[in-house]
1. Once the piece of chain linking THR57 and THR365 is laid out straight, how much longer is it, given 0.36 nm per residue of separation minus the C-alpha distance between them?
2. In nm, give the distance between the simple-model label positions of ARG165 and LEU392, each being 7 Å from the Cα along the Cα-to-Cβ direction.
3. If you wrap a convex hull around the C-alpha atoms of the range 71-359 and split its volume per residue, what is the figure in Å³?
4. Taking every DSSP beta bridge that has both residues in the chain, what percent is antiparallel when rounded to the nearest 5?
5. Using only Cα atoms and rounding to the nearest 10 degrees, what angle (0 to 90) does helix 118-133 make with the longest principal axis of the chain?
6. Name the residue farthest towards the positive end of the dipole of the chain from the options SER324, ALA56, GLY403, assuming +1 on Cβ of Lys and Arg, -1 on Cβ of Asp and Glu, about the Cα centre.
7. Mark the label point 7 Å from the Cα of ALA92 along Cα→Cβ and return the residues of the range 319-354 whose backbone N is within less than 19 Å of it.
8. On the protein heavy atoms, probe 1.4 angstrom, tell me the percent of accessible surface of the range 342-409 carried by carbon and sulfur.
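The values are calculated or read from the model by the stated rules, or taken from the named source; none is laboratory data. The structure displayed is predicted, hence computed values, not measured ones. Methodologically, a virtual Cβ is constructed for each residue, glycine included, from the backbone with ideal geometry; neighbour enumeration extends over all protein chains shown. Heads up: the accessible areas ignore ligands, DNA and RNA and are worked out on the full protein's heavy atoms, side chains in. Shrake-Rupley method; radii C 1.70, N 1.55, O 1.52, S 1.80 Å.
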Amino acid sequence: MNGTDCDLLIHNARIATLAADAKTPYGLIDRGVIVIQDGKIAWVGDEARRPDVRAATETDCQGRLITPGLIDCHTHLVWGGDRIDEFEARLAGTDYAEIAKRGGGINASVRATRAASAEALYQAALPRLSRLLADGVTRVEIKSGYGLDTETELRMLEVARRLGREQPVTVHTTFLGAHAIPPEYTGRGDAYIDYVVDTMLPAVAEAGLADAVDAFLEHIAFSPAQVERVFEAARHHGLPVKLHAEQLSNLGGARLAARFAGQSADHLEYLDEDGVRAMAEAGTTAVLLPGAYFFLREKQAPPVALLRKHRVPIALATDLNPGSSPLHSLLATLTLGCVLFGLTPEEALAGVTREAARALGVAGTVGTVEAGKRADLAVWATDKPAALVANLGLTPCVGRYVGGRASWGREGEAP
Ligand code: NIG
Ligand code: FE
């Protein structure tokens with residue numbers, strides 16, 4: 001690399017690379033340099049071994065921490081209406097499942113989302129997304145699942161894709177047609193699954209609007225046999241799967257997801273060791289969602305010790321949604337993951353970078369600060385990685401690079 005040109009060179013940075021094989025905690029490089037060319041990291045390492053390159057732009061990071069851009073790998077960020085009344089109802093003693101059975105919950109958001117135009121959904125989603133970006137997020141997964149008819153599911157996915165085109169963030173879209181039984185199919189779950197696999201999923205696949213397929217396996221949603229049909233259809237269309245599994249009970253969701261080589265199984269409060277083993281064998285990532293656990297005041301935490309024992313990769317995400325997890329901060333999610341689930345700060349940070357990338361099937365291209373990866377980075381007003389976790393409500397992110405393009409605190413402003 002000596003003697004060559006590059007687009008950008010960042011020096012005087014404390015870099016938490018989060019590289020899997022690193023010898024230091026967080027993969028820390030104390031006096032680090034990052035060389036960026038064509039939107040990718042061309043070189044990263046210690047100042048002492050800094051290559052002799054001519055940089056079009058050189059940035060002094062002033063000793064600040066740089067991490068991989070954060071990745072929120074499980075959100076329901078596009079929705080219409082709100083469910084503030086359910087928050088009050090739950091505090092007054094009505095539980096989540098009971099609210100769902102009375103036609104509230106996911107179906108309350110379905111009614112409001114069906115009634116909203118694409119433009120209204122986009123405008124409602126923008127401030128939510130901005131809030132995530134302010135936390136150093138450079139990549140976000142967004143699920144459909146509040147339409148539950150072809151037209152509205154397509155509209156949600158189009159809005160999610162538009163967010164990725166028009167905002168400085170990479171968006172992954174997931175089709176979640178099997179999220180709940182919509183009112184017009186009450187008592188006819190199998191008929192609704194026919195509609196998902198014969199009509200909706202083919203339309204979504206044809207339009208190229210989904211990167212993956214998800215479902216909600218639970219007694220208030222779909223059975224293992226129904227989810228299996230959705231997964232078979234996803235396979236037919238060449239789409240990877242993931243699953244909302246073991247959130248309120250254990251129906252063998254992790255095993256089912258593993259059987260279809262699922263990218264991830266998410267929630268997992270009621271996961272047992274058999275399920276953990278199946279995930280380990282299949283390479284399925286565990287996505288833990290402390291926001292839903294917190295807001296629903298759940299009592300059983302996911303089996304973190306078993307996940308560690310069997311070396312299942314652990315990711316963390318906001319599950320941002322209007323009902324069970326109106327949590328608009330990935331940094332707060334790190335704090336909740338440590339305090340409520342007993343993760344270490346290093347596990348938590350890996351969970352929103354390296355392992356979140358794995359949960360989205362993009363571990364080869366993002367998630368760590370390593371040569372060859374896309375230059376998605378977050379810059380922080382601290383030099384301590386654990387400071388991102390130890391505070392709640394503080395957002396020390398001062399800038400992000402998305403594919404090597406800087407977007408500082410105020411657009412265009414240098415550090
Ligand atoms: O991940 N578990 C199912 N679905 C979402 C919540 C959806 C909602 O309550 O609107 C979740 O928690
Ligand atoms: Fe979810």
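1. On the way: separation 308, 0.36 × 308 = 110.88 nm, distance 2.36 nm.
That works out to 108.5 nm of additional length.
2. 4.0
3. Values: hull volume 31.5 nm³, N = 289.
Taking only Cα atoms, the range 71-359 has a hull volume of 109 Å³ per residue.
4. 45
5. 50
6. Value: ALA56.
7. 323-324
8. 52
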